[in-house]
1. Of all the accessible heavy-atom surface of the stretch 83-242, with the other protein chains kept in place and a 1.4 Å probe, what percent is carbon and sulfur?
2. Mind ranking D229, D283 by accessible surface for me, highest first, 1.4 Å probe?
3. Once phi is turned into θ = phi - 60°, what whole-Hz ³J(HN,Hα) does the Karplus curve with 6.51, -1.76 and 1.60 give for every residue of the stretch 364-376, x standing for Gly and Pro?
4. Tell me which residues come under 5 Å, amide H to amide H, from Y315 once H is placed; ignore anything under 5 positions away on its chain.
5. How large is the accessible surface of C571 in square angstrom, using a 1.4 angstrom probe and rounding to the nearest 10?
6. Going through the cross-link list K71/K365; K189/K241; K107/K725; K15/K458, which pairs have a Cα-Cα distance over 22 Å in this structure?
7. Quick one: how many Å² of H59 are accessible to a 1.4 Å probe, rounded to 10?
8. Which whole-Hz ³J(HN,Hα) couplings does the stretch 136-147 yield from phi under the Karplus relation 6.51 cos²θ - 1.76 cosθ + 1.60, θ = phi - 60°, glycine and proline marked x?
Amino acid sequence: MLRSAVEERIPLQIKNIFGVLTPRFCAGFCKDLNKFYAPIGPTICGWKENQRFLSFQAHSDVVTILEEHPKDKSIIISASYTGEIKLWKYNDDINLPFECIQSVKLKNSEHTMCGFWSMDGTKFIICSEGLIGTVALFEYSNNSLQLLDQIEGHFQMSCILKYENDYFIFSVEQVKQKKDLGVDISLYKLNNNNKLEKHQFFNLNDSGPLCTVIQRNVTDDLVAVSFQDRSIRLYQLFKNKSNEIELKEYCNFNAIGKGTIFVMKFNNNNDLYLHNCEKKTIDKYSFNNLENDNNRIAKLEKQFTIDNSGITLYYFEWIKEESLLWTYLDSEFNIVEYPTLTSSNLNLENNSEDNKTICLNKGKKINSNRYHDLTCCGIDFSPDGEFLVTGDFTGQIMLWKITKDNNNEEVEHDKLLSHEPILTSFVPASVRAICCKWHPHSFEVKEDEINSGNTNLKLKTRLLSVYIGSLDKNVHCWNINLDTMETITEPFGNIKFSLTSDITCLSWCNGKNPKLLACGSSNGMVCIMEDDVESSLMRIRLAIVAHQPNFLNKDLRFGSISKFSEIWSICFSPDNRFIATCSEDQTTRIFDFMGNQIHCLTGHTTAVTAVQWMFIKDVGEIIATCADDCSVMVWKLNSQFIDEEHHYHHYHQLHDTLQTIETYRDDHHLIKHSYNRWGLYALFKTNEYGLDWHTLTYMSIERKGTRIAASTQNGYLFVWDLKTKKLLQYGKEHLSSIEGMKWLTNKNCNMLATCGSDCTVNVYNMN
């Protein structure tokens, strides 16, 4: 049975956000010639040239729609993935130009992805895609939206059309949600009772290709639909001989080039602009009448080069038609300028597909910002919480500034909570894990005092050591002087140690200046390495195969189990005497530093993806794990618990010889406790809230607090309270999988950071 969502849940509060834009074809608009607004995650951001001058949290989850009113340019509408709609009054004369004048929560709209104004500005539609998608039609008047009707269907995308005084909804619908996906086209008409009724229907195909984007023209009577194979169909409203309004095919053609079309734009002459990945151009098509035929033929008129090495164009907007262009291409956000074509600079190029000559207009980037390229993965804070380090699958590592410099807010390197990374470096393979600490030379003590465990260490200079686990089987180290913003040692050639397989996870032991680094790999091996300040390499303390392959497993769902058992997460016990590892083999195992397996926690039915071991005040010492089975399991030390069916659940003996040990708590008090057994303390499930299919990817516990957070493969973030065992917050925070999470708590801040395969980085204020 599905649980209802938290009724009045407190949204996660964005402190800062970094990375690429998240706009679709219906999320972004230009103001004048030099301002552009688009969403990043739950925020709306504004750029002037290439500088981000505005960023504020507009919604409680990812913004997917941001549209300017076609007539009254002071009215803006935005909507989030979960159907939260807001109407804004825009005033460019104030610091925050967006004033919310209406907020509406649309029911049954958990996958809101596109929306359109009617060109007369009186109607607005929102399409929520999926197996049970919805189309909602609103009436707009007097600075207010009123819902007219909402219909259900297998909607993929929809837009609004108008013919004379009648309004129509053009919808692309997916026939099935299994292996074979077909496409239907439906036309709904708004009747005299302000209800939508199906007016026309036809089937395009039964097995694909699927639609990738739709766009309509400025007169509301023509719509273009692109498909995965780059075929494009245009449809137009017309009156038949019976004086009835129908939809007819206007043109059908295959766009030249390669790559998925994610965005198209009409101009006032009904010419169509779209992206050509192969040529790295924006292609302009015009449509001419065939002789003695109502259908039209597409003609490639011009190509505009983008001056970019990227492949996929996610968004473009003409600031000034065929003269100035905003583009978001892969990881770059650019402004491209095109010269006015004359006989002296006219470039003609032969199109090999139809042997016709076309005009090529070469653009030049005048502003550019570059961010993470492919799947942002690996994340950690500097120990003081002022900086954040992230990596990605192309091997890039970026240093971001989170908080302002309290001593001097005018310093040049304080690009103040802006959108640009402070420093960038790289390693020769995909980044999988990142963990940071202060370099030993940062402290005002001698090396022997550091080794003695002195906790009253004082910083003399902020030298940050960033350890990077990558898929080249190496752990690299990037040393940075945060006071001068200079790289001391580049990570590419600074290898601290190597393993026989890909590095999957890293974790420092507990303490202000940790010396032990635990490392997990893709073949089930665990290493504990000791940092040696006098050597460029780390010393091995332990190297074992912690998770053996299960050769007896024949389950095809887990094809890797019989070959290897990847370790997805690793951590130290609070007293730094043990390590816990979790793996593809569905277990969590505890080892001492001699390599002895002390314990094995079972219960997850799929790969265990994260583990953390911590002492929680008023709860006790816990081990928490999350897995692909959509569950978070929390075990408590020295307790017996009974599940709902009154069975003892995951009751384990830890180790007969370990009766008592001393544990160093976060509040610096030594306590003695029994180490006899673990019992299941709490079980949290994320598949009880009506989400799509998903897995859990990462998890983090609030140090010196009582909260625990977990992330999903489809971009959701959940926060529970470990004392009350209740869900506190959840929301769609990334457009795709969350691939890194870190919770930092110290005397100055309480922050949670996430990064995702959508190449965005979110930092939340958790106070």
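The values are calculated or read from the model by the stated rules, or taken from the named source; none is laboratory data. Quick caveat, the model's predicted, so the values are computed rather than measured. For neighbour counting, all protein chains shown are included, and Cβ atoms are generated from backbone atoms with ideal geometry for every residue, glycine included. Areas reflect the complete protein model, heavy atoms only, side chains present, ligands, DNA and RNA absent. Shrake-Rupley method; radii C 1.70, N 1.55, O 1.52, S 1.80 Å.
1. Numbers: 3010 of 6940 Å².
Here it works out to 43 percent.
2. Details: D229 85, D283 0 Å².
Reading off the accessible areas and sorting them downward yields D229, D283.
3. With the stated coefficients, the stretch 364-376 comes to 9, 5, 10, 8, 7, 10, 10, 10, 5, 8, 10, 6, 5 Hz.
4. Under 5 Å from the amide H of Y315 lie the amide H atoms of Y328, each far enough along the sequence or on another chain.
5. The accessible area of C571 comes to roughly 10 Å².
6. Numbers: K71/K365 31 Å; K189/K241 19 Å; K107/K725 27 Å; K15/K458 28 Å.
Violating the 22 Å limit, Cα to Cα: K71/K365; K107/K725; K15/K458.
7. 10 Å²
8. Whole-Hz 3J(HN,Hα) from phi for the stretch 136-147: 10, 10, 10, 9, 10, 6, 6, 6, 8, 9, 10, 5.
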